[in-house]
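Any read-out appearing in this document is the output of simple, stated calculations on the displayed coordinates, not a laboratory observation. A quick note: this is a predicted structure, and the numbers were derived from the prediction, not measured. Positions of Cβ are generated from backbone atoms using ideal geometry, with glycine treated the same way; all protein chains shown enter the neighbour counts.
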Amino acid sequence: MDQRISLITLAVSDTEVSEAFYAALGWEKVDSPDGVVAFDLIGQTLGLYPRAALAEELGIDEASIGGFSGVTLAHNLRDKADVKPLLELAEAAGARILKPAQDVFWGGYHGYFADPDGHVWEVAHNPFSPLGPKGEFQWNGA
């Protein structure tokens, strides 16, 4: 198995609300099959899929999809000064701020928000892992 993630799929209650939320963050959706909203990322795609449809596809009860799963998604930025404005943009788009922008014990700067369905995003600047020329995250500057 190659060391990469191709697609991140989020189960959402209302695809129109979630699509509008991510569009308000400045993301542009790409063409995709009916029922799926997709945003191309740098090397991956974020998919929004109706919660009930994903549960059916997985063969599980819809009620078992929900709440904090222990997974967070991270969006790293080039500069510390960019973290707070992005959290403010997310809040204006409908996010709930879970942790405001602040210094972190390991030397970085970050904050957290939850999207309309409660998916948790970290917005961070990690001075030890600068972004590559295309904005790709590189652990320890790999």
| remark: Rounded to whole angstrom, the alpha-carbon centroid of segment 26-73 lies from that of segment 101-136 at a distance of 21
| What's the local net charge at Gly108, with K and R +1, D and E -1, over the other residues with C-beta under 14 Å away? | 0
| field | Dipole-positive endmost among Val123, Ala55, Phe21 within the chain (Cβ charges, Cα centre) | value | Val123
| said: I'm a student and want to see the number: the projected area of the Cα convex hull of segment 1-60, averaged over all directions, in nm². | reply: 5.0
| message | Using +1 at the C-beta of Lys and Arg and -1 at the C-beta of Asp and Glu, which of Phe113, Ala101, Phe68 has the Cα lying farthest in the positive direction of the dipole of segment 68-128? | response | Ala101
| Cα-based equivalent ellipsoid, the chain: semi-axes from gyration tensor eigenvalues, Å | 26, 18, 15
| task | Mind checking which of Val37, Ile8, Leu77 is farthest towards the positive end of segment 1-108's charge dipole, using Cβ charges of +1 (Lys, Arg) and -1 (Asp, Glu) about the Cα centre? | result | Leu77
| task | Please give the helix 83-93 orientation as an angle from the longest Cα principal axis of the chain, in degrees from 0 to 90, rounded to the nearest 10. | result | 30
| remark: Taking Cα atoms, the helix 15-24 axis meets the longest principal axis of the chain at an angle in degrees (rounded to 10) of 20
| Top mean-square fluctuation among Phe128, Phe39, Phe113, Gaussian network model of the chain, C-alpha springs under 10 Å? | Phe128
| query | Cα convex hull of segment 68-128: how many Å³ per residue? | reply | 76
